[in-house]
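I have placed the structure first, in the form of structure tokens, so that the comments after it can refer back to it.
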Amino acid sequence: MRRATVLALMFALGAAGCGGGSSASSGASQAPTTAAPTTTTTRASTTTTTQAPATTTTPTTTTTPTTTTTIPPWMALPDPGMPPGLWDEGSGGPIEIESVCLEWVLAGTSPPYERNWENSLTDKLAILGVSVLPEGCDATLRFSMTASRTSAVYGLNRRVCWSGEALEAEASMLIDGDVERTWVLADRTSPPPAEIPAWGCYDEGDSVGPSEAEELEWWHTLFSGMFGIGTELATWIEDSPDDGPVCWEGPPTEADVRVLSSLLLSTHSSPILDWLSQCLPVDQAGRDALHPLIPYLIMSNSGEMLEAITGFGFGTREEWWAWWEDQG
């Protein structure tokens, strides 16, 4: 009896353990739980673009004031141009020389270095509007030069110096291949000095050439007949000789005034005014011959020169020009 009671008690405990302590142990069935549906509301995202009001740009018109520049008449003078050189010896009439070819025939143990002389000629002829060309020239100037040196022995150390020199030079003018004229330019011999020159010794092959004074003399000899006072003006511009300018031998000619007018319009106006100040004719007839030069002197603002030529004096170029126009 007692055993049966124990068994019954153990059975009851086991049944309770199988219920898991849940409220379901009451023996009633629990209804399943249903979750309430979740409703998600999505709002459309609206992007609003605000457009700036259109701006209308009105183009700005800039008016540039018109400036009228009046060029005074003395700054608009025509260039009369250089008169051509004239050759009138044995050719049957004057020939205009606007281009020259240079030829060199050199000989001897110490021939001259012709390049220096050639450059000097080229520069001076260019001032006179004459071109130096290799061929196809109006005239050809042919130089023939023979040069050599002689020696001497100096001092106890018997030093040999080739300080003596000899130079023969002539020039010929050729027109169309025919020799028109020949000039003897040099025929000189200088023995070695008694002592070694201050500049030292020369070697036998060192060049012998014309001195600066000889070059100026040769230039005048060859070209004064063709270019008149232009040869002296070119000399003054290029060399400015220490002994001063060579001036007119007679009254100025129309060709002289034309040369001066053209040079006053060039980059050589300053030396030309200097030359004129030293070579102005003394007599009134000579100064009257320079009257066509007056506009170019007004342009150069050379009041003193204008006063010397005209005998009048004005303070400004405007006054000078008004006077010039009144002369008719």
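Observations
- Residue list for segment 103-126, filter: open to solvent by 60 Å² or more (accessible area, probe 1.4 Å) and either under 22 Å from the mean Cα position of the chain (by Cα) or under 18 Å from residue 232 (Cβ atoms) (or both): 119, 123, 126
- Test: residue in segment 144-152 that is surrounded by fewer than 19 Cβ atoms within 10 Å (Cβ to Cβ) and basic (Lys, Arg): no
- Scanning segment 201-231 for residues that are open to solvent by less than 20 Å² (accessible area, probe 1.4 Å) and either within 21 Å of residue 115 (Cβ to Cβ) or not polar (S, T, N, Q) (or both) returns 208, 218, 219, 222, 223, 226, 229, 230.
- When residues of segment 239-288 are limited to those that are part of a loop (DSSP other than H, G, I, E, B) and aliphatic (A, V, I, L, M), the one least open to solvent (accessible area, probe 1.4 Å): 280
- Test: residue 186 is of a type in the set (Gly, Ala, Ser), modelled with pLDDT of 90 or more and in a strand (DSSP E or B): yes
- Candidate set from segment 225-256 (those that are of a type in the set (S, T, N, Q) and modelled with pLDDT of 90 or more); member that is nearest to the chain's Cα centre (by Cα): 235
- Selection status of residue 187, within 17 Å of residue 275 (Cα to Cα) and without any contact (Cβ under 8 Å) to a residue 40 or more places away in the chain: no
- Candidates 214, 135: the one that is outside any loop (DSSP other than H, G, I, E, B), out of contact with any strand residue (DSSP E or B) (no Cβ under 6 Å at 6 or more places or on another chain), free of Cβ contacts under 8 Å to residues at least 60 places away in the same chain and charged (D, E, K, R) is 214.
The values are calculated or read from the model by the stated rules, or taken from the named source; none is laboratory data. Please read all numbers here as calculations on a predicted model, not as lab measurements. Positions of Cβ are generated from backbone atoms using ideal geometry, with glycine treated the same way; all protein chains shown enter the neighbour counts. Areas reflect the complete protein model, heavy atoms only, side chains present, ligands, DNA and RNA absent. Shrake-Rupley method; radii C 1.70, N 1.55, O 1.52, S 1.80 Å.
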